[in-house]
Structure formats: C-alpha cells, structure tokens
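The values are calculated or read from the model by the stated rules, or taken from the named source; none is laboratory data. Just so it is clear, the structure is predicted and the values come from calculations on it, not from any experiment. Don't worry about glycine lacking a Cβ; one is built from the backbone with ideal geometry, like all the others, and counts go over all protein chains shown.
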Amino acid sequence: MTDDRFMPIHDPELQARGERVLGAEFRAMSERVLRATELTSRLNVLPFDDEAGKAALFEQLLGRPLPERVTIYPPFYTDHGLRLDLAERVFINQGCTFLDYAGIRLGEGVMVGPKATFITMGHPVDPDGRRQYLSGAPIDVAENVWIGAGATILPGVSIGRDAVIAAGTIVADDVPAASLVAGQKGTVRRRW
C-alpha cells in the first residue's frame with residue numbers, strides 16, 4: 001500500500017506529521033517495546049524509597065540519567081523511553097503513560113497529573129491500512145505547563161508555555177500559550 005502523505009521513519013530526527021513505521025523498523029520498534037515493558041515492570045514494583053534502583057532503571061529506559069530535580073512517581077509506563085525528553089523540574093504523578101516512539105518533549109517546570117496519557121503513534125482510520133502501518137508525530141510541551149489528571153495528549157500536539165490542560169481533557173489540536181483547555185473533544189467526523 002502506497003500513500004504519498006506518509007514517509008518511512010528511517011531517522012529519529014525525522015519526526016514530522018504523517019510518518020509511518022514499516023518492515024524492519026517496525027520489528028526494531030517491537031523489540032524496544034518489549035524491553036521498555038520489562039524495565040517499567042521492574043520499576044513499578046520497587047519500594048517507593050529505592051531512589052538508586054529507580055534512577056538506574058530510568059537511565060536504562062531513557063538512555064541517559066534523569067535531569068536534576070525531575071520527579072516521577074511510579075507506576076510509570078512507556079513503550080519506548082529513548083525518545084522521551086524531560087527538562088529540569090518536571091513532575092510526573094502516578095500512573096502516567098508515555099507512548100513516545102515519535103518523540104515527546106516536556107519543557108522545564110511541566111507538571112503532569114496522575115493517569116495522564118501522551119500518545120505519539122496511531123493507526124490509520126482507513127480499515128484496509130490499520131494493520132499495514134503506524135503513523136505518528138511528536139508531542140511538544142513548553143515550559144511551566146500543567147496537565148491535569150487523566151488528560152490525553154494526541155500525536156502532533158504542541159502545548160504553549162504556561163498553558164493548563166484540565167483534568168480529563170483530550171487534546172487533539174495545538175494549545176496556545178497561557179490558555180486553559182477543558183472538555184472532551186470527541187465528535188463524529190465522518191462515516192464509512
């Protein structure tokens with residue numbers, strides 16, 4: 001199946017809207033998902049005060065040590081980890097999920113409420129393509145953003161500095177700086 005709107009991801013730096021994952025790259029992605037799942041399952045059963053154990057597992061998940069003054073309360077979930085970029089003073093509460101294959105950046109001072117979800121990859125809407133490939137786009141969250149409990153941030157979204165995402169909000173479009181976004185988004189767009 002060929003669709004000119006999509007291009008294969010061959011380079012981690014090449015993360016524009018509409019990329020897709022196929023073939024050998026999908027296999028490598030699948031292997032990383034298994035490794036990240038194994039690491040997070042170990043992380044999520046450590047005693048809460050085992051700072052050294054948590055730091056070692058986060059370093060394996062992220063491919064580097066956590067930045068200074070980053071706080072992450074387990075349980076914590078990621079499908080990749082290596083494309084999760086956390087600045088200083090980021091706070092991530094319990095039960096958050098980061099599906100970061102296409103890249104997620106959280107700027108300095110970002111606060112993430114419990115059970116928030118960040119999703120950078122998805123399947124095509126067309127039923128024939130759903131099992132053929134994945135498409136995705138990075139998520140960028142600027143400095144000093146507060147993301148409320150249970151919020152869902154979808155592929156390709158940028159959230160501007162000082163914005164607030166209310167609890168339970170589904171964010172499918174870019175959010176301007178210094179704004180409050182609230183309410184669920186789901187509406188019927190088309191039928192087939």
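Does Ile170 meet the test of being among the hydrophobic types (A, V, I, L, M, F, W, C), crowded, with 20+ Cβ neighbours inside 10 Å and farther than 26 Å from Glu25 by Cα?
The answer is no for Ile170.
Give Pro75, Pro47 a once-over and let me know the one that is at pLDDT 95 or above, over 26 Å from Val110 (Cβ atoms) and not small (Gly, Ala, Ser).
Being at pLDDT 95 or above, over 26 Å from Val110 (Cβ atoms) and not small (Gly, Ala, Ser) holds for just one of Pro75, Pro47, which is Pro47.
Of a type in the set (Lys, Arg), surrounded by fewer than 17 Cβ atoms within 10 Å (Cβ to Cβ) and not in a strand (DSSP E or B): does that describe Arg89?
Criteria not met by Arg89.
If I filter segment 59-69 for residues that are part of a helix (DSSP H, G or I), under 29 Å from Arg131 (Cβ atoms) and under 17 Å from the mean Cα position of the chain (by Cα), do I get at least one hit?
yes
Examine segment 84-93 for a residue that is in contact (Cβ under 8 Å) with a residue 24 or more places away in the chain, within 15 Å of Ala137 (Cα to Cα) and touching an Asp or Glu at 6+ places or on another chain (Cβ under 8 Å), and state whether such a residue exists.
No; the residues of segment 84-93 include none that is in contact (Cβ under 8 Å) with a residue 24 or more places away in the chain, within 15 Å of Ala137 (Cα to Cα) and touching an Asp or Glu at 6+ places or on another chain (Cβ under 8 Å).
Looking only at residues in segment 92-121 that are assigned to a loop (DSSP other than H, G, I, E, B) and among the hydrophobic types (A, V, I, L, M, F, W, C), which one is modelled with the lowest pLDDT?
In this case the residue turns out to be Ala102.
Any residue in segment 122-141 that is over 29 Å from Phe26 (Cα atoms), part of a loop (DSSP other than H, G, I, E, B) and touching a strand residue (DSSP E or B) at 6+ places or on another chain (Cβ under 8 Å)?
No, that holds for no residue.
Report yes if some residue within segment 104-119 is under 19 Å from Ile159 (Cβ atoms), of a type in the set (S, T, N, Q) and surrounded by 20 or more Cβ atoms within 10 Å (Cβ to Cβ); otherwise report no.
no
If you take the residues of segment 147-178 that are under 18 Å from Thr97 (Cβ atoms) and not in a loop (DSSP other than H, G, I, E, B), which of them is farthest from the chain's Cα centre (by Cα)?
Checked segment 147-178; the qualifying residue farthest from the chain's Cα centre (by Cα) is Ile165.
Considering only segment 30-78, state which residues are closer than 17 Å to Gly103 by Cα, hydroxyl-bearing (Ser, Thr, Tyr) and surrounded by 15 or more Cβ atoms within 10 Å (Cβ to Cβ).
Tyr77, Thr78
Residues in segment 12-25: is at least one modelled with pLDDT of 85 or more, under 16 Å from the mean Cα position of the chain (by Cα) and not in a loop (DSSP other than H, G, I, E, B)?
No.
From the residues in segment 179-192 that are more than 19 Å from the chain's Cα centre (by Cα) and within 20 Å of His123 (Cβ to Cβ), which one is modelled with the lowest pLDDT?
The extreme case among them is Val188.
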